[in-house]
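First up is the structure itself, then whatever we jot down about it.
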Amino acid sequence: MKINLISLGCAKNLVDSEVIAGILSKDGHRFTNDLSNADAIILNTCAFIGPARSEGKHYINRISNILKKRRAKYHTNKKPLFILSGCLPQLEKDRILNEYPEIDAVVGSSDFTKIPGIIKDKILLPQRRDQNDKVGRRQQSQISSISRPEFIYDSSYPRLVSTGN
């Protein structure tokens, strides 16, 4: 799978995104900067201050509009999986899921280790079923994994460091 991973906000989010990238890379996924070429888009958000929440909502709108245009252009419901992770869904899960139907899954700041399973459940397994019995590419329900925020970075997690050394 080709993954587009966008990290917004604080330094903790950057480390969380590096761990997400490490876990996905270990599972064999590749990364792309091209939204139009991605099988899955992960937007990791911060909500610590108002401007961070605004930035997250701006990116959600931007990605949602890109997905709507892509669907209209190709006359298909097939689109990349859109996963929103981090503090913004942690705080506003219900509102976000209601307001943005293009979001397929929300993952809280303690649950991002579940992202590979979500990708498998929403993209990989339905693709295999589609080859056999013409079931749609993805299940149509939204996934929510929001636990109490208590994740502490463990050095045993794979991590792709994006800041140099």
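The values are calculated or read from the model by the stated rules, or taken from the named source; none is laboratory data. The structure presented is a predicted model; accordingly, all values stated were derived computationally and were not measured. Note that we place each Cβ from the backbone using ideal geometry, even for glycine, and neighbour counts take in every protein chain shown.
What pairs can you find where one residue is in the range 95-111 and within 15 Å of D16 (Cα to Cα), the other is outside any helix (DSSP H, G or I) and among the charged types (D, E, K, R), and their Cβ atoms are less than 6 Å apart, with a gap of 6+ or different chains?
Cβ pairs passing all conditions: S110/E150.
Condition first: within 19 Å of E92 (Cβ to Cβ) and in contact with a helix residue (DSSP H, G or I) (Cβ under 6 Å, 6 or more places away or on another chain). Now tell me which residues in the range 54-71 satisfy that. First the steps, then the outcome.
Filtering the range 54-71 down to residues within 19 Å of E92 (Cβ to Cβ) leaves 54-64.
G56, the sole residue that qualifies.
Kindly list the number of the only condition in (1) under 21 Å from I20 (Cα atoms); (2) modelled with pLDDT of 85 or more; (3) not hydroxyl-bearing (S, T, Y) that fails for K122.
Of everything listed in (1) under 21 Å from I20 (Cα atoms); (2) modelled with pLDDT of 85 or more; (3) not hydroxyl-bearing (S, T, Y), K122 misses just condition (2).
Check S25, S85, S17 and return the single one that is surrounded by 13 or more Cβ atoms within 10 Å (Cβ to Cβ), closer than 17 Å to S162 by Cβ, in contact with a Ser or Thr (Cβ under 6 Å, 6 or more places away or on another chain) and hydroxyl-bearing (S, T, Y). Lay out the reasoning, then the answer.
Values: S25 fails: in contact with a Ser or Thr (Cβ under 6 Å, 6 or more places away or on another chain); S85 fails: in contact with a Ser or Thr (Cβ under 6 Å, 6 or more places away or on another chain).
From the options S25, S85, S17, the qualifying one is S17.
Quick check on this structure: which one of L81, L43, L35 is modelled with pLDDT of 95 or more and either under 16 Å from C10 (Cα atoms) or of a type in the set (A, V, I, L, M) (or both)?
L43
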